[in-house]
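The block underneath contains the structure these notes are about, expressed in structure tokens.
Only the coordinates and a few stated rules stand behind these numbers; no lab work does. Since we're looking at a predicted model, the values are computed, not measured.
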Amino acid sequence: MDNNIITIQKFYTAFQQKDYATMNSCYADDIPFSDPVFGLLRGNETKAMWQMLCTRAKDFSLNYDNIKTDDGEYYTCDWTASYLFSKTNRRVINVCKAYMRMKEGVIMEHSDGFKYYRWCRQALGLSGLILGWSSFMHKRVSKNAKKGLADFMEKNNL
């Protein structure tokens, strides 16, 4: 089997178990990561984000499948996480597509795509429904997510 697929399976199996250390071992040291909530993160920020999300996850489950590549360097994977959003205690079912650039069994770049407005409506309720489509809300949510990550990193000496 393709070593890159084995690494992606290892990453998402660890994610299912909220094992951020194993997830992070699949990454290059200065891994760039991006998604609609956190925006662009690099290296320690990326790894700390997974640690924060895994340690704070409530009523969490994850499924993944459909790992594909066209060229042995760029891969996609479909995954869905179900959890209670910590700020509102609302159920979120986040349907995502991961995009990864791989090299010799190591994730070199990673981005996750999902429908931000759908996530916002689920996570934030009425305010997400009314304002979740707006750049104002997007900037506010992203700013809060990055501040939460910075505070987590400071508290945990990361």
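Descriptive notes on the structure:
- Listed by chain and number, the lysines whose alpha-carbon sits under 21 Å from that of LYS97, ignoring those within fewer than 8 places in the same chain, are LYS10, LYS18, LYS47, LYS68, LYS115.
- Candidates THR55, THR22, THR76: whichever shows maximal mean-square fluctuation once the chain is modelled as a Gaussian network with Cα springs under 10 Å: THR55
- Cα-based reach from LYS143 at 17 Å (exclusive), listing lysines while leaving out same-chain residues under 8 positions away: LYS87
- Angle in degrees between helix 3-16 and the longest Cα principal axis of the chain, rounded to the nearest 10: 30
- Straight-distance candidates among the aspartates and glutamates for linking to LYS103, with alpha-carbon spacing under 12 Å and chain neighbours fewer than 8 residues away dropped: ASP2, ASP71, GLU73.
- The range 1-52: relative contact order as a whole-number percent, Cα under 8 Å and 6+ apart: 27
- Across the range 3-114, the mean sequence separation of Cα contacts (distance under 8 Å, 6 or more residues apart), normalised by length, yields a relative contact order of 28 percent.
- Dividing the convex hull volume of the alpha carbon atoms of the range 3-114 by its residue count gives 89 Å³ per residue.
- Calculated [θ] (222 nm, deg cm²/dmol) that DSSP helices of n ≥ 4 give over the chain, each run adding -39,500 (n - 2.57): -13500 deg cm²/dmol
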